[in-house]
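Read-outs: derived from the displayed coordinates by stated rules, not from any lab. Bear in mind the structure is a predicted one, so any value in this text is a computation, not a measurement. Reconstructed Cβ throughout: ideal geometry from the backbone, glycine too, with neighbour counts over all protein chains shown.
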Amino acid sequence: MRALCQADLKVATAESCTGGLLASLLTDIEGAGHGFDRGFVTYESTAKQQMLGLPADLTDRNDAVTSAVARAMAEGALKNSEADIALSVTGFAGPGGEGAEEGLCHFGLARRGEPTTQHEEHFGAIGRGGVRIAALGVLLDMLEEALEQA
């Protein structure tokens, strides 16, 4: 967060499987609050549509855990905020239904004036808490990399 503040940048988050962990972590740093704009916790597909502007056919067609959805979540968070950078995550943290790979997470990073990037991880069956913490680590790495390019 201090690097965000030093670069005079703001970040927004769009989180599904992490349930707001990244936003919570970013706001826990005393004196660094002006680097965080807002967080969207969009667990359900309807929330992704209403809060981030994702088209219903995107989340319905893709079951909301795909690179396309992660990309659209990051872009929607950027569009619906005053942030310079937006990070997103969507995934299956715990045992999912048929065809749902436990530990599969898709990440997005949108930045004003830059192409949106995405990342995919297969954490495996390490439990809900384990997947959420591992996803948090990826998001922080993505943010750090984006700040190095600033």
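Here is how the numbers come out for the structure above:
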| quantity | calculated |
| --- | --- |
| Counted residues, segment 54-68 - those being touching a residue at least 24 places away in the same chain (Cβ under 8 Å) and either of a type outside the set (Asp, Glu) or assigned to a helix (DSSP H, G or I) (or both) | 4 |
| Segment 28-44, residues that are under 24 Å from residue 121 (Cβ atoms) and either of a type in the set (Val, Ile, Thr) or assigned to a strand (DSSP E or B) (or both) | 36, 39, 40, 41, 42 |
| Candidate set: segment 12-50, residues that are hydrophobic (A, V, I, L, M, F, W, C) and free of Cβ contacts under 8 Å to residues at least 40 places away in the same chain; chosen: the one surrounded by the fewest Cβ atoms within 10 Å (Cβ to Cβ) | 29 |
| Some residue of segment 45-53 being assigned to a helix (DSSP H, G or I), in contact with a strand residue (DSSP E or B) (Cβ under 6 Å, 6 or more places away or on another chain) and charged (D, E, K, R) | no |
| Residues of segment 102-150 satisfying the condition of being closer than 16 Å to residue 73 by Cβ and in contact with a Cys (Cβ under 9 Å, 6 or more places away or on another chain) | 105, 119, 120, 121, 135, 138 |
| Any chance residue 126 is part of a loop (DSSP other than H, G, I, E, B), of a type in the set (Val, Ile, Thr) and farther than 21 Å from residue 3 by Cα | yes |
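Matching residues to (1) free of Cβ contacts under 8 Å to residues at least 12 places away in the same chain; (2) surrounded by fewer than 16 Cβ atoms within 10 Å (Cβ to Cβ); (3) part of a loop (DSSP other than H, G, I, E, B); (4) in contact with a Gly (Cβ under 7 Å, 6 or more places away or on another chain):
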{"position": "77", "(1), (2), (3), (4)": "no, no, no, no"}
{"position": "86", "(1), (2), (3), (4)": "no, no, no, no"}
{"position": "98", "(1), (2), (3), (4)": "yes, yes, yes, no"}
{"position": "101", "(1), (2), (3), (4)": "no, yes, yes, no"}
{"position": "106", "(1), (2), (3), (4)": "no, no, no, yes"}
{"position": "109", "(1), (2), (3), (4)": "no, no, no, no"}
{"position": "115", "(1), (2), (3), (4)": "yes, yes, yes, no"}
